[in-house]
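Novice: This structure is in structure tokens; I'll ask about it shortly.
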Amino acid sequence: MIKNAFKQIAKGQDQINLPHLKNLFYARKHPRVVSREKTAEQVYGEFCIAIQNYVENNCVTEEGFTNYYLDTSCCLPLEKE
């Protein structure tokens, strides 16, 4: 599923430009936003911080994209505390 998501976003490329990926991130449907525990802005900010660990040359590769999702385990790193 993660690889399919990457392929759809990357549109045949082997990496995704970070600004493009950030633009596609839609925080309003995140469970913590829906439950009103966090704002969409908070979730988006946490995503931006977390994804930065997987960026090389302002891009995210399929491996980095996969590792991001595996490491965050369906929640943002700051939510694991």
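Novice: Taking Tyr26, is it over 14 Å from Thr66 (Cβ atoms), of a type in the set (Phe, Trp, Tyr) and modelled with pLDDT of 95 or more?
Specialist: No: the conditions fail for Tyr26.
Novice: Considering only helices (runs of 4 or more DSSP H) fully contained in segment 1-74, which possess at least 1 residues that are crowded, with 16+ Cβ neighbours inside 10 Å and in contact (Cβ under 8 Å) with a residue 40 or more places away in the chain?
Specialist: 2-10, 18-24, 31-34, 62-72
The values are calculated or read from the model by the stated rules, or taken from the named source; none is laboratory data. Worth saying up front: this structure is predicted, and the values here are computed from it rather than measured. Don't worry about glycine lacking a Cβ; one is built from the backbone with ideal geometry, like all the others, and counts go over all protein chains shown.
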